[in-house]
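Trainee: Below is one structure. I have some questions about it.
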Amino acid sequence: MSIKETILDPLIKKNPITIQILGVCSALAVTTQMKNAVIMGLAVSLCTGLSCFFVSLVRNYIPSNARIILQLVIIASIVIVIDQFLRAYLFELSKALSLYVGLIITNCILLGRTEAFAMQNPPGISFVDGFFTGIGYMFVLLSIAFVRELFGSGKIFGYPLFSLTRDGGWYEPNGLLLLAPSAFFLIGVCIWILRSLDSSQLEE
């Protein structure tokens, strides 16, 4: 696989959420605000990239019967470091994301890329694959968060774009979009759009 395919495929052709249907739970939980989606997306991208890098680095020394356990140890260590970094430097956002950063450890995207790609490829390309798989994940998160925050609260990144009725404006926020069920529908729309762009993903 070329570098170009490794970078671009996770956005549409192999998007972890819309094509592989991975990482959906966190997509439902953190997409009420754009800033939460950005931080979560970057955290997953870094975790996936670094996990793939280090797993690839030691792949020739990992016994086949212990590879999943060792991959999880590497993933958990990186997630803990990133979680502590967020607590130290972005404490308010860390509180907003609460347990979801810690649950990156259980995100199938990470184990999927370390097992499917990093175990068969060199460290450099493995990092690129992992990082841009995370960027593909973040792309969907931002798309969903944009709709939910804009129409659910009339804001983007916390800044009001619509004049809300309670402040004498014209827009009535749609509270339904801030609830988890709305994210299911929006993810469904994203799946439909991205699969429509790539005819090979359409099911008979």
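Any read-out appearing in this document is the output of simple, stated calculations on the displayed coordinates, not a laboratory observation. Everything quoted here is computed from the prediction, not taken from an experiment. Methodologically, a virtual Cβ is constructed for each residue, glycine included, from the backbone with ideal geometry; neighbour enumeration extends over all protein chains shown.
Trainee: Among the lysines, which fall within straight-line cross-link reach of residue 4, defined as a Cα-Cα distance under 22 Å, with same-chain neighbours fewer than 8 residues apart omitted?
Mentor: In chain and number order, the partners are 13, 14.
Trainee: Once you put a point 7 Å from the Cα of residue 116 and another 7 Å from the Cα of residue 197, both along the Cβ direction, what distance in nm separates them?
Mentor: 1.8
Trainee: Given 0.36 nm per residue, what is the gain on full extension from residue 157 to residue 4 after removing their alpha carbon distance, in nm?
Mentor: Here the answer is 52.0 nm.
Trainee: Summing Lys, Arg as +1 and Asp, Glu as -1, what charge do residues with Cβ under 14 Å from the Cβ of residue 130 carry, residue 130 excluded?
Mentor: Once positives and negatives cancel, what remains is 0.
Trainee: Find out how many positive minus negative residues lie around residue 115, taking Lys and Arg as positive, Asp and Glu as negative, among other residues whose Cβ is under 13 Å from that of residue 115.
Mentor: After counting each charged neighbour, the total is +2.
Trainee: Identify all lysines with a Cα-Cα distance to residue 35 below 19 Å; exclude those on the same chain that are fewer than 8 residues away in sequence.
Mentor: 95, 155
Trainee: What FRET efficiency would be calculated for the residue pair residue 180, residue 70, taking the C-beta separation as r and a Förster radius of 25 Å, to the nearest 0.05?
Mentor: Calculated transfer efficiency: 0.15.
Trainee: What order do you get for 13-19, 67-73 when each peptide is scored by the mean count of other beta carbon atoms within 10 Å, highest first?
Mentor: Order by mean packing, descending: 13-19, 67-73.
Trainee: Taking the Cα centre of the chain as origin, sum charge times position over the Cβ atoms of Lys and Arg (+1) and Asp and Glu (-1), and report the length of that vector in debye to the nearest 20.
Mentor: Computed about the Cα centre, the dipole is about 320 debye.
Trainee: Would you be so kind as to identify all helices of the chain, as entire DSSP H runs, whose Cα atoms reach 27 Å or more along the helix's own axis and whose mean Kyte-Doolittle hydropathy is at least 1.0? If you can, show how the numbers build up before the last one.
Mentor: Values: long enough: 34-57 (34 Å, 1.62); 67-89 (33 Å, 1.75); 123-153 (43 Å, 1.24).
Helices passing the filter in the chain: 34-57, 67-89, 123-153.
Trainee: So what is the calculated 222 nm ellipticity per residue for the chain, using -39500 (n - 2.57) for each DSSP H run with n of 4 or more, over all residues, to the nearest 500 deg cm²/dmol? The partial results should precede the final answer.
Mentor: On the way: 9 runs with 128 residues, N = 204.
Counting only the DSSP helices, I get -20500 deg cm²/dmol.
Trainee: May I ask you to derive the relative contact order of the chain, considering only C-alpha pairs under 8 Å and at least 6 residues apart, and to give it as an integer percent?
Mentor: For the chain, the relative contact order is 35 percent.
Trainee: Kindly put 129, 83 in sequence by how many other C-beta atoms sit within 10 Å of each C-beta, fewest to most.
Mentor: Least crowded to most crowded, the residues run 83, 129.
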